[in-house]
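Worksheet: one structure, shown below.
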Amino acid sequence: MFGLHPHLQRIYRPLGFRRFSNMSRRSHPSSPDSSPRTAKRQKREHTPLSPDDYKGGLMLAPMVRSGALPTRLYALKHGAKLVWGPETVDKAILHTTRVVDPVTGVVAYHGKSKPIFTCHPIEKPFLIYQIGSADPELAVQAAKMVQQDVAGFDLNCGCPKPFSTHSGMGAALLTNPDLLCSILTALREAMPPEISISAKIRLLPSQEDTLKLVERIVNTGISCLTVHCRTRNMRMREKAVIERLREIVDFVEKMGKGIAVIENGDCLGYEDSKRVRQVTGAHSVMIATAAEANPTCFSPTPLKDLELTFVPGYIRLGKYLNNHWSSTKFCATQFQGAHDKASRTDLKALREAIVHAKGYEDMEQYVAPWTGEQEFTEIVEAIEKRGGQRAPPMPVPWEDVVVAPLEAIEENGQLKDTEVVARLHEPRSDGAATAPFVRGAVLSLEIPSVGGGGETIAVQ
Ligand SMILES: Cc1cc2nc3c(=O)[nH]c(=O)nc-3n(C[C@H](O)[C@H](O)[C@H](O)COP(=O)(O)O)c2cc1C
(Lines give C-alpha, C1' and ligand atoms only; values in the text may rest on other atoms or scores of the structure.)
Protein backbone atom coordinates (compact mmCIF):
# COMPACT_ATOMS: atom_id res chain seq x y z
CA MET A 1 0.00 0.00 0.00
CA PHE A 2 1.12 3.51 -0.55
CA GLY A 3 -0.25 6.97 -0.04
CA LEU A 4 0.67 10.54 -0.68
CA HIS A 5 2.22 12.63 2.02
CA PRO A 6 -0.42 14.94 3.53
CA HIS A 7 1.60 17.92 2.32
CA LEU A 8 1.15 16.78 -1.24
CA GLN A 9 -2.46 15.86 -0.70
CA ARG A 10 -3.18 19.42 0.30
CA ILE A 11 -2.07 20.60 -3.12
CA TYR A 12 -5.08 18.93 -4.73
CA ARG A 13 -7.77 21.55 -4.73
CA PRO A 14 -11.30 21.16 -5.93
CA LEU A 15 -12.10 23.31 -8.95
CA GLY A 16 -15.84 22.79 -8.71
CA PHE A 17 -16.70 22.30 -12.36
CA ARG A 18 -20.28 22.15 -13.43
CA ARG A 19 -21.23 19.93 -16.28
CA PHE A 20 -22.70 20.90 -19.57
CA SER A 21 -22.79 17.35 -20.79
CA ASN A 22 -26.27 16.56 -19.54
CA MET A 23 -27.88 19.33 -21.47
CA SER A 24 -30.27 18.30 -24.12
CA ARG A 25 -29.24 18.80 -27.72
CA ARG A 26 -31.20 21.59 -29.33
CA SER A 27 -30.63 24.06 -32.08
CA HIS A 28 -28.20 26.79 -31.07
CA PRO A 29 -30.00 30.01 -30.43
CA SER A 30 -27.56 32.57 -29.12
CA SER A 31 -28.52 34.85 -26.31
CA PRO A 32 -26.83 37.91 -24.94
CA ASP A 33 -25.23 37.36 -21.57
CA SER A 34 -27.63 39.75 -19.90
CA SER A 35 -29.97 36.90 -19.00
CA PRO A 36 -29.45 36.29 -15.27
CA ARG A 37 -30.42 32.63 -15.64
CA THR A 38 -27.85 32.03 -18.33
CA ALA A 39 -25.13 33.91 -16.51
CA LYS A 40 -25.77 31.93 -13.31
CA ARG A 41 -25.58 28.61 -15.11
CA GLN A 42 -22.22 29.52 -16.67
CA LYS A 43 -20.57 30.44 -13.37
CA ARG A 44 -17.73 28.19 -12.24
CA GLU A 45 -15.62 28.28 -9.14
CA HIS A 46 -11.89 28.01 -9.63
CA THR A 47 -8.82 28.91 -7.72
CA PRO A 48 -6.71 31.68 -9.24
CA LEU A 49 -3.57 30.69 -11.15
CA SER A 50 -0.42 31.05 -9.09
CA PRO A 51 3.13 30.92 -10.51
CA ASP A 52 3.17 27.28 -9.39
CA ASP A 53 0.27 26.50 -11.69
CA TYR A 54 2.50 27.46 -14.60
CA LYS A 55 5.10 24.93 -13.45
CA GLY A 56 5.42 21.24 -14.13
CA GLY A 57 3.36 20.95 -17.27
CA LEU A 58 3.07 20.95 -21.00
CA MET A 59 1.29 23.97 -22.40
CA LEU A 60 -0.53 24.59 -25.66
CA ALA A 61 1.13 27.60 -27.33
CA PRO A 62 -0.77 30.59 -28.62
CA MET A 63 -1.49 30.05 -32.30
CA VAL A 64 -3.47 32.35 -34.54
CA ARG A 65 -6.02 30.25 -36.48
CA SER A 66 -4.69 26.93 -35.15
CA GLY A 67 -5.42 27.58 -31.46
CA ALA A 68 -9.19 27.36 -32.01
CA LEU A 69 -11.61 26.34 -29.24
CA PRO A 70 -11.97 22.65 -30.29
CA THR A 71 -8.17 22.32 -30.49
CA ARG A 72 -7.73 23.82 -27.02
CA LEU A 73 -10.35 21.49 -25.57
CA TYR A 74 -8.70 18.43 -27.13
CA ALA A 75 -5.29 19.60 -25.90
CA LEU A 76 -6.72 19.78 -22.36
CA LYS A 77 -8.33 16.37 -22.75
CA HIS A 78 -5.01 14.86 -23.79
CA GLY A 79 -2.83 16.38 -21.11
CA ALA A 80 -2.04 20.05 -21.71
CA LYS A 81 -1.84 21.75 -18.32
CA LEU A 82 -2.79 25.23 -19.53
CA VAL A 83 -3.81 26.48 -22.96
CA TRP A 84 -3.01 29.83 -24.56
CA GLY A 85 -5.58 31.33 -26.91
CA PRO A 86 -4.51 32.84 -30.24
CA GLU A 87 -3.12 36.37 -30.12
CA THR A 88 -5.93 38.90 -30.32
CA VAL A 89 -4.97 42.50 -30.97
CA ASP A 90 -6.31 44.83 -28.26
CA LYS A 91 -8.45 46.98 -30.57
CA ALA A 92 -10.03 43.95 -32.26
CA ILE A 93 -11.86 42.79 -29.14
CA LEU A 94 -13.01 46.24 -28.02
CA HIS A 95 -15.93 46.50 -30.41
CA THR A 96 -17.23 42.99 -30.04
CA THR A 97 -20.43 41.78 -28.44
CA ARG A 98 -20.29 38.91 -25.97
CA VAL A 99 -22.86 36.25 -26.75
CA VAL A 100 -23.41 33.03 -24.81
CA ASP A 101 -24.90 29.92 -26.41
CA PRO A 102 -27.34 28.67 -23.78
CA VAL A 103 -27.14 25.08 -25.04
CA THR A 104 -23.42 24.48 -25.24
CA GLY A 105 -22.15 27.26 -22.99
CA VAL A 106 -19.85 28.58 -25.73
CA VAL A 107 -18.98 32.25 -25.30
CA ALA A 108 -18.36 34.12 -28.54
CA TYR A 109 -17.09 37.69 -28.88
CA HIS A 110 -18.71 38.67 -32.15
CA GLY A 111 -17.14 41.22 -34.45
CA LYS A 112 -18.85 42.62 -37.52
CA SER A 113 -18.73 39.48 -39.64
CA LYS A 114 -17.45 36.66 -37.40
CA PRO A 115 -16.42 35.88 -33.84
CA ILE A 116 -13.10 37.47 -32.91
CA PHE A 117 -12.62 35.16 -29.93
CA THR A 118 -14.51 32.09 -28.77
CA CYS A 119 -14.12 30.18 -25.52
CA HIS A 120 -15.93 27.85 -23.15
CA PRO A 121 -16.38 27.96 -19.35
CA ILE A 122 -14.94 24.44 -19.00
CA GLU A 123 -11.55 25.74 -20.15
CA LYS A 124 -11.65 28.94 -18.11
CA PRO A 125 -9.45 27.71 -15.21
CA PHE A 126 -6.79 26.77 -17.78
CA LEU A 127 -7.20 29.48 -20.40
CA ILE A 128 -4.66 32.22 -21.00
CA TYR A 129 -5.81 34.96 -23.33
CA GLN A 130 -2.96 36.41 -25.37
CA ILE A 131 -3.05 40.13 -26.11
CA GLY A 132 -1.26 41.89 -28.93
CA SER A 133 -0.69 45.47 -27.87
CA ALA A 134 1.59 48.46 -27.99
CA ASP A 135 -0.49 50.58 -25.65
CA PRO A 136 -1.04 50.04 -21.91
CA GLU A 137 -4.48 51.67 -21.90
CA LEU A 138 -5.80 49.67 -24.84
CA ALA A 139 -4.37 46.47 -23.37
CA VAL A 140 -6.21 47.09 -20.11
CA GLN A 141 -9.46 47.90 -21.92
CA ALA A 142 -9.13 44.70 -23.93
CA ALA A 143 -8.43 42.67 -20.79
CA LYS A 144 -11.48 44.13 -19.06
CA MET A 145 -13.64 43.00 -21.96
CA VAL A 146 -12.81 39.32 -21.53
CA GLN A 147 -11.58 38.94 -17.96
CA GLN A 148 -14.72 37.09 -16.83
CA ASP A 149 -13.95 34.24 -19.24
CA VAL A 150 -10.25 33.59 -18.71
CA ALA A 151 -7.72 32.72 -16.00
CA GLY A 152 -4.91 34.96 -17.16
CA PHE A 153 -3.51 37.35 -19.74
CA ASP A 154 -0.31 36.98 -21.71
CA LEU A 155 1.41 39.76 -23.64
CA ASN A 156 2.76 38.77 -27.04
CA CYS A 157 6.32 40.11 -27.21
CA GLY A 158 7.58 37.72 -29.86
CA CYS A 159 5.63 37.91 -33.10
CA PRO A 160 8.13 38.97 -35.79
CA LYS A 161 5.53 39.48 -38.55
CA PRO A 162 5.34 43.01 -39.99
CA PHE A 163 1.60 43.32 -39.24
CA SER A 164 2.55 43.13 -35.56
CA THR A 165 5.86 44.92 -35.49
CA HIS A 166 4.96 47.87 -37.73
CA SER A 167 2.63 49.18 -35.06
CA GLY A 168 5.09 48.47 -32.24
CA MET A 169 3.53 45.19 -31.11
CA GLY A 170 4.94 41.67 -30.83
CA ALA A 171 8.71 41.39 -31.24
CA ALA A 172 8.99 45.18 -31.60
CA LEU A 173 8.41 45.35 -27.84
CA LEU A 174 11.69 43.48 -27.27
CA THR A 175 13.60 46.59 -28.27
CA ASN A 176 11.24 48.91 -26.43
CA PRO A 177 11.42 47.53 -22.89
CA ASP A 178 9.90 50.68 -21.37
CA LEU A 179 6.72 50.18 -23.36
CA LEU A 180 6.75 46.40 -22.87
CA CYS A 181 7.04 46.74 -19.10
CA SER A 182 4.52 49.57 -18.91
CA ILE A 183 1.91 47.31 -20.55
CA LEU A 184 2.62 44.47 -18.13
CA THR A 185 2.56 46.84 -15.15
CA ALA A 186 -0.71 48.39 -16.31
CA LEU A 187 -2.31 44.97 -16.73
CA ARG A 188 -1.08 43.83 -13.32
CA GLU A 189 -2.42 46.95 -11.64
CA ALA A 190 -5.78 46.92 -13.43
CA MET A 191 -6.59 43.23 -13.04
CA PRO A 192 -7.73 41.65 -9.78
CA PRO A 193 -5.23 39.29 -8.11
CA GLU A 194 -7.10 36.20 -9.31
CA ILE A 195 -6.20 37.07 -12.89
CA SER A 196 -2.58 36.21 -13.64
CA ILE A 197 -0.34 38.13 -16.02
CA SER A 198 2.45 36.65 -18.12
CA ALA A 199 4.64 37.50 -21.10
CA LYS A 200 5.99 35.55 -24.06
CA ILE A 201 9.28 36.79 -25.47
CA ARG A 202 11.96 35.68 -27.89
CA LEU A 203 15.68 35.63 -27.18
CA LEU A 204 17.64 38.78 -27.97
CA PRO A 205 20.81 38.27 -30.02
CA SER A 206 23.01 38.76 -26.95
CA GLN A 207 22.52 36.77 -23.77
CA GLU A 208 23.48 39.76 -21.65
CA ASP A 209 20.75 41.90 -23.20
CA THR A 210 18.26 39.06 -22.81
CA LEU A 211 19.01 38.80 -19.09
CA LYS A 212 18.64 42.56 -18.64
CA LEU A 213 15.27 42.46 -20.36
CA VAL A 214 14.16 39.43 -18.36
CA GLU A 215 15.07 41.18 -15.11
CA ARG A 216 12.88 44.15 -15.98
CA ILE A 217 9.99 41.96 -17.08
CA VAL A 218 10.12 39.81 -13.95
CA ASN A 219 10.03 42.93 -11.80
CA THR A 220 6.67 43.99 -13.26
CA GLY A 221 4.92 41.39 -11.11
CA ILE A 222 4.13 38.77 -13.73
CA SER A 223 3.56 35.14 -12.75
CA CYS A 224 5.20 33.47 -15.71
CA LEU A 225 7.62 34.15 -18.54
CA THR A 226 7.65 32.05 -21.71
CA VAL A 227 10.81 32.19 -23.78
CA HIS A 228 10.58 31.18 -27.42
CA CYS A 229 14.20 30.14 -27.89
CA ARG A 230 14.69 31.81 -31.24
CA THR A 231 15.69 35.39 -31.94
CA ARG A 232 13.42 37.74 -33.85
CA ASN A 233 15.35 37.17 -37.09
CA MET A 234 15.47 33.39 -36.87
CA ARG A 235 13.20 31.42 -39.16
CA MET A 236 11.02 28.62 -37.85
CA ARG A 237 13.04 26.07 -39.83
CA GLU A 238 16.16 27.02 -37.86
CA LYS A 239 16.70 24.96 -34.73
CA ALA A 240 15.67 26.70 -31.50
CA VAL A 241 18.70 27.51 -29.32
CA ILE A 242 17.30 25.96 -26.18
CA GLU A 243 20.78 25.70 -24.61
CA ARG A 244 20.63 29.42 -23.87
CA LEU A 245 17.62 29.00 -21.62
CA ARG A 246 19.26 27.34 -18.60
CA GLU A 247 21.13 30.51 -17.66
CA ILE A 248 17.88 32.47 -17.96
CA VAL A 249 16.01 29.99 -15.76
CA ASP A 250 18.80 30.16 -13.13
CA PHE A 251 18.76 33.94 -13.33
CA VAL A 252 15.00 34.14 -12.75
CA GLU A 253 15.20 31.64 -9.90
CA LYS A 254 17.91 33.72 -8.25
CA MET A 255 15.58 36.72 -8.37
CA GLY A 256 13.59 34.78 -5.79
CA LYS A 257 10.07 35.65 -6.92
CA GLY A 258 9.13 32.06 -7.71
CA ILE A 259 8.14 32.96 -11.25
CA ALA A 260 7.72 30.14 -13.75
CA VAL A 261 9.89 30.05 -16.86
CA ILE A 262 8.42 28.12 -19.76
CA GLU A 263 10.55 26.85 -22.63
CA ASN A 264 9.12 27.17 -26.12
CA GLY A 265 10.69 25.92 -29.33
CA ASP A 266 10.96 22.56 -31.09
CA CYS A 267 9.35 20.31 -28.49
CA LEU A 268 7.64 17.39 -30.19
CA GLY A 269 5.42 16.20 -27.35
CA TYR A 270 5.28 14.42 -24.02
CA GLU A 271 8.33 12.18 -24.43
CA ASP A 272 10.44 14.90 -26.03
CA SER A 273 9.60 17.34 -23.24
CA LYS A 274 11.88 15.32 -20.92
CA ARG A 275 14.84 16.19 -23.18
CA VAL A 276 13.82 19.84 -23.28
CA ARG A 277 13.47 20.12 -19.52
CA GLN A 278 16.73 18.32 -18.99
CA VAL A 279 18.64 20.69 -21.28
CA THR A 280 16.98 23.89 -20.13
CA GLY A 281 15.89 23.35 -16.53
CA ALA A 282 12.66 25.14 -17.52
CA HIS A 283 9.67 24.68 -15.25
CA SER A 284 7.36 23.83 -18.13
CA VAL A 285 7.38 23.36 -21.87
CA MET A 286 5.10 25.00 -24.42
CA ILE A 287 4.30 23.31 -27.73
CA ALA A 288 3.04 24.95 -30.94
CA THR A 289 3.83 23.25 -34.27
CA ALA A 290 3.68 19.68 -32.96
CA ALA A 291 0.33 20.41 -31.31
CA GLU A 292 -0.98 22.05 -34.45
CA ALA A 293 -0.29 18.76 -36.22
CA ASN A 294 -1.53 16.57 -33.38
CA PRO A 295 -3.36 18.14 -30.41
CA THR A 296 -2.99 14.83 -28.53
CA CYS A 297 0.84 15.18 -28.42
CA PHE A 298 0.61 16.21 -24.74
CA SER A 299 -0.25 12.64 -23.85
CA PRO A 300 2.27 9.87 -23.14
CA THR A 301 0.26 7.90 -25.69
CA PRO A 302 -0.61 10.37 -28.46
CA LEU A 303 -3.17 9.18 -30.96
CA LYS A 304 -2.00 7.67 -34.24
CA ASP A 305 -3.92 7.41 -37.49
CA LEU A 306 -5.54 10.76 -36.79
CA GLU A 307 -7.70 10.51 -39.89
CA LEU A 308 -9.50 7.60 -38.27
CA THR A 309 -9.10 8.26 -34.57
CA PHE A 310 -9.32 12.03 -34.27
CA VAL A 311 -10.39 14.06 -37.28
CA PRO A 312 -14.04 12.85 -37.55
CA GLY A 313 -14.62 13.53 -33.84
CA TYR A 314 -12.92 16.91 -34.15
CA ILE A 315 -15.31 17.89 -36.93
CA ARG A 316 -18.31 16.64 -34.93
CA LEU A 317 -17.18 18.68 -31.93
CA GLY A 318 -16.63 21.72 -34.13
CA LYS A 319 -20.21 21.47 -35.34
CA TYR A 320 -21.59 20.92 -31.83
CA LEU A 321 -19.75 24.01 -30.58
CA ASN A 322 -20.81 26.06 -33.60
CA ASN A 323 -17.16 26.59 -34.49
CA HIS A 324 -17.02 28.41 -37.81
CA TRP A 325 -16.54 25.83 -40.59
CA SER A 326 -13.58 27.74 -42.06
CA SER A 327 -11.77 27.42 -38.71
CA THR A 328 -12.58 23.72 -38.26
CA LYS A 329 -11.58 23.05 -41.86
CA PHE A 330 -8.29 24.91 -41.52
CA CYS A 331 -7.35 23.05 -38.34
CA ALA A 332 -8.44 19.68 -39.71
CA THR A 333 -6.18 20.07 -42.73
CA GLN A 334 -3.18 20.69 -40.46
CA PHE A 335 -3.57 17.42 -38.56
CA GLN A 336 -1.06 14.68 -39.25
CA GLY A 337 0.27 12.03 -36.93
CA ALA A 338 2.06 8.75 -37.00
CA HIS A 339 0.36 5.97 -38.92
CA ASP A 340 -0.37 2.46 -37.84
CA LYS A 341 -3.53 1.08 -39.34
CA ALA A 342 -5.11 3.63 -41.63
CA SER A 343 -5.00 2.91 -45.33
CA ARG A 344 -3.70 5.53 -47.74
CA THR A 345 -6.97 5.49 -49.67
CA ASP A 346 -9.04 6.28 -46.54
CA LEU A 347 -6.76 9.14 -45.66
CA LYS A 348 -6.78 10.59 -49.13
CA ALA A 349 -10.55 10.43 -49.37
CA LEU A 350 -11.07 12.20 -46.02
CA ARG A 351 -8.47 14.86 -46.79
CA GLU A 352 -10.05 15.61 -50.14
CA ALA A 353 -13.52 15.75 -48.66
CA ILE A 354 -12.35 18.31 -46.08
CA VAL A 355 -10.58 20.43 -48.67
CA HIS A 356 -13.66 20.54 -50.92
CA ALA A 357 -16.31 20.88 -48.20
CA LYS A 358 -18.04 24.26 -48.09
CA GLY A 359 -19.73 23.53 -44.77
CA TYR A 360 -20.27 20.86 -42.13
CA GLU A 361 -23.10 19.36 -44.14
CA ASP A 362 -20.66 18.35 -46.89
CA MET A 363 -18.83 16.14 -44.40
CA GLU A 364 -21.85 14.09 -43.39
CA GLN A 365 -20.70 10.92 -45.13
CA TYR A 366 -17.42 10.88 -43.17
CA VAL A 367 -18.42 11.97 -39.71
CA ALA A 368 -22.12 11.17 -39.16
CA PRO A 369 -23.88 10.55 -36.81
CA TRP A 370 -23.62 14.20 -36.12
CA THR A 371 -24.25 15.11 -32.53
CA GLY A 372 -20.72 15.95 -31.33
CA GLU A 373 -22.20 15.87 -27.84
CA GLN A 374 -20.40 12.63 -27.06
CA GLU A 375 -17.03 14.21 -27.89
CA PHE A 376 -17.84 17.17 -25.70
CA THR A 377 -18.96 14.95 -22.82
CA GLU A 378 -15.69 13.01 -23.00
CA ILE A 379 -13.70 16.24 -22.86
CA VAL A 380 -15.66 17.47 -19.84
CA GLU A 381 -15.13 14.14 -18.10
CA ALA A 382 -11.40 14.12 -18.86
CA ILE A 383 -11.02 17.60 -17.41
CA GLU A 384 -13.09 16.71 -14.36
CA LYS A 385 -10.98 13.58 -13.87
CA ARG A 386 -8.08 15.78 -12.90
CA GLY A 387 -9.80 15.61 -9.55
CA GLY A 388 -9.30 19.21 -8.61
CA GLN A 389 -5.78 19.53 -9.91
CA ARG A 390 -4.99 21.84 -12.75
CA ALA A 391 -2.35 19.42 -13.93
CA PRO A 392 -2.71 16.13 -15.71
CA PRO A 393 0.06 13.56 -15.16
CA MET A 394 3.31 15.07 -16.33
CA PRO A 395 6.74 13.86 -17.29
CA VAL A 396 9.44 14.50 -14.70
CA PRO A 397 13.13 13.97 -15.43
CA TRP A 398 13.77 10.78 -13.47
CA GLU A 399 16.77 11.92 -11.54
CA ASP A 400 14.70 14.76 -10.08
CA VAL A 401 12.32 12.40 -8.34
CA VAL A 402 13.17 11.09 -4.93
CA VAL A 403 11.29 8.53 -2.91
CA ALA A 404 11.57 8.51 0.84
CA PRO A 405 9.84 6.91 3.79
CA LEU A 406 7.40 9.16 5.60
CA GLU A 407 9.56 9.51 8.71
CA ALA A 408 12.27 11.15 6.59
CA ILE A 409 9.98 13.98 5.54
CA GLU A 410 9.10 17.11 7.45
CA GLU A 411 5.51 18.26 7.75
CA ASN A 412 6.30 21.00 5.20
CA GLY A 413 7.35 18.39 2.65
CA GLN A 414 11.11 18.99 2.95
CA LEU A 415 13.46 16.05 3.41
CA LYS A 416 15.06 15.87 6.85
CA ASP A 417 17.21 12.85 6.12
CA THR A 418 18.68 12.81 2.63
CA GLU A 419 20.50 9.52 3.25
CA VAL A 420 17.36 7.42 3.03
CA VAL A 421 16.05 8.45 -0.37
CA ALA A 422 15.98 6.25 -3.40
CA ARG A 423 16.03 7.74 -6.87
CA LEU A 424 13.75 6.60 -9.63
CA HIS A 425 15.41 5.65 -12.84
CA GLU A 426 13.23 3.21 -14.72
CA PRO A 427 10.65 5.08 -16.77
CA ARG A 428 7.74 2.96 -17.84
CA SER A 429 6.45 3.42 -21.35
CA ASP A 430 3.18 4.88 -20.06
CA GLY A 431 5.05 7.69 -18.33
CA ALA A 432 4.46 6.46 -14.79
CA ALA A 433 7.43 5.74 -12.59
CA THR A 434 8.67 2.54 -11.09
CA ALA A 435 10.68 2.66 -7.93
CA PRO A 436 13.35 0.02 -8.27
CA PHE A 437 14.23 0.24 -4.61
CA VAL A 438 12.59 1.94 -1.69
CA ARG A 439 13.39 1.31 1.94
CA GLY A 440 10.36 -0.23 3.57
CA ALA A 441 7.70 -2.30 1.94
CA VAL A 442 6.87 -0.14 -1.05
CA LEU A 443 7.76 -1.20 -4.54
CA SER A 444 6.07 1.18 -6.91
CA LEU A 445 4.11 4.35 -7.21
CA GLU A 446 2.76 6.73 -9.76
CA ILE A 447 4.13 10.21 -9.95
CA PRO A 448 1.47 12.78 -9.14
CA SER A 449 1.57 16.05 -10.98
CA VAL A 450 2.60 18.54 -8.39
CA GLY A 451 4.98 20.92 -10.04
CA GLY A 452 8.49 20.86 -11.46
CA GLY A 453 11.47 18.66 -10.80
CA GLY A 454 12.92 17.89 -7.41
CA GLU A 455 9.63 16.67 -6.03
CA THR A 456 9.53 14.64 -2.89
CA ILE A 457 7.04 11.86 -2.95
CA ALA A 458 6.35 10.04 0.24
CA VAL A 459 5.20 6.46 0.26
CA GLN A 460 4.02 4.19 3.05
C1 LIG B 1 0.15 28.56 -36.81
C2 LIG B 1 0.94 29.33 -35.79
C3 LIG B 1 0.38 30.46 -35.20
C4 LIG B 1 1.08 31.16 -34.22
N5 LIG B 1 0.48 32.20 -33.58
C6 LIG B 1 1.10 32.78 -32.50
C7 LIG B 1 0.41 33.72 -31.68
O8 LIG B 1 -0.75 34.03 -31.88
N9 LIG B 1 1.09 34.25 -30.63
C10 LIG B 1 2.40 33.90 -30.34
O11 LIG B 1 2.95 34.39 -29.36
N12 LIG B 1 3.05 32.99 -31.08
C13 LIG B 1 2.42 32.42 -32.13
N14 LIG B 1 3.05 31.43 -32.84
C15 LIG B 1 4.39 31.01 -32.40
C16 LIG B 1 4.27 29.84 -31.44
O17 LIG B 1 3.49 30.15 -30.30
C18 LIG B 1 5.64 29.36 -30.97
O19 LIG B 1 6.28 30.40 -30.31
C20 LIG B 1 6.53 28.90 -32.13
O21 LIG B 1 5.81 28.21 -33.12
C22 LIG B 1 7.67 28.01 -31.61
O23 LIG B 1 7.17 26.85 -30.99
P24 LIG B 1 7.24 25.41 -31.73
O25 LIG B 1 8.69 25.19 -32.05
O26 LIG B 1 6.68 24.44 -30.76
O27 LIG B 1 6.44 25.54 -32.98
C28 LIG B 1 2.39 30.73 -33.85
C29 LIG B 1 2.95 29.61 -34.46
C30 LIG B 1 2.24 28.90 -35.40
C31 LIG B 1 2.85 27.68 -36.01
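Just a few scattered comments:
- Scanning the stretch 112-148 for residues that are surrounded by fewer than 21 Cβ atoms within 10 Å (Cβ to Cβ), part of a helix (DSSP H, G or I) and of a type in the set (Asp, Glu) gives a single hit, Glu137.
- Filtered residues of the stretch 218-259 (kept if of a type in the set (A, V, I, L, M) and away from the ligand (no atom under 16 Å from the Cβ)): Val218, Val249, Val252, Met255, Ile259
- Only one of Glu238, Glu194 that is surrounded by fewer than 20 Cβ atoms within 10 Å (Cβ to Cβ) and under 22 Å from the mean Cα position of the chain (by Cα): Glu194
- Those strands (runs of 3 or more DSSP E) of the stretch 57-105 in which 2 or more residues are within 13 Å of the ligand (Cβ to nearest atom), surrounded by fewer than 24 Cβ atoms within 10 Å (Cβ to Cβ) and on the phi < 0 side of the Ramachandran plot are absent.
- Yes/no for Ser273 being within 16 Å of the ligand (Cβ to nearest atom) and either buried (at least 23 other Cβ atoms within 10 Å of the Cβ) or without any contact (Cβ under 8 Å) to a residue 12 or more places away in the chain (or both): yes
- Test: residue in the stretch 243-252 that is at pLDDT 95 or above, under 22 Å from Ser284 (Cα atoms), in contact with a Leu (Cβ under 8 Å, 6 or more places away or on another chain) and part of a loop (DSSP other than H, G, I, E, B): no
- Yes/no for Lys341 being over 18 Å from Lys304 (Cβ atoms) and either surrounded by 12 or more Cβ atoms within 10 Å (Cβ to Cβ) or at pLDDT below 90 (or both): no
- Flag: Cys331 does not match the condition of being part of a loop (DSSP other than H, G, I, E, B), of a type outside the set (Gly, Ala, Ser) and either within 16 Å of the ligand (Cβ to nearest atom) or not assigned by TED's automatic domain parsing to the domain that holds Val355 (or both).
- Remark: Thr175 matches the filter, which requires a residue to be away from the ligand (no atom under 16 Å from the Cβ) and among the hydroxyl-bearing types (Ser, Thr, Tyr).
- Within the set Asp149, Asp154, the sole residue that is within 16 Å of the ligand (Cβ to nearest atom), touching a residue at least 40 places away in the same chain (Cβ under 8 Å), of a type in the set (Asp, Glu) and closer than 30 Å to Thr47 by Cα turns out to be Asp154.
- Screening Ile222 against (1) assigned to a helix (DSSP H, G or I); (2) in contact with a Leu (Cβ under 7 Å, 6 or more places away or on another chain) leaves a single unmet condition, (1).
- The stretch 188-203, residues that are within 16 Å of the ligand (Cβ to nearest atom) and either in contact with a Cys (Cβ under 8 Å, 6 or more places away or on another chain) or farther than 25 Å from Leu138 by Cβ (or both): Ser198, Ala199, Lys200, Ile201, Arg202, Leu203
- Checklist (1) away from the ligand (no atom under 14 Å from the Cβ); (2) without any contact (Cβ under 8 Å) to a residue 60 or more places away in the chain applied to Ile131, failing item: (1)
- Of the listed requirements (1) assigned to a helix (DSSP H, G or I); (2) free of Cβ contacts under 8 Å to residues at least 40 places away in the same chain; (3) over 13 Å from Thr71 (Cα atoms), Glu307 misses just one: (2).
- The residue of the stretch 275-304 that is nearest to Pro51 (Cα to Cα), among those that are in a helix (DSSP H, G or I) and under 17 Å from the mean Cα position of the chain (by Cα), is Arg277.
- Close pairs from the stretch 211-240: first at positive phi, partner part of a strand (DSSP E or B) and crowded, with 19+ Cβ neighbours inside 10 Å, Cβ under 9 Å, at least 6 apart: Gly221/Ile197
- Test for Glu215: is it assigned to a loop (DSSP other than H, G, I, E, B) and either in the same structural domain as Asp53 (by TED's automatic domain parsing) or within 12 Å of the ligand (Cβ to nearest atom) (or both): no
The values are calculated or read from the model by the stated rules, or taken from the named source; none is laboratory data. These numbers come from a predicted model, not from an experiment. Note that each Cβ is placed from the backbone with ideal geometry, even for glycine, and that neighbours are counted across all protein chains shown.
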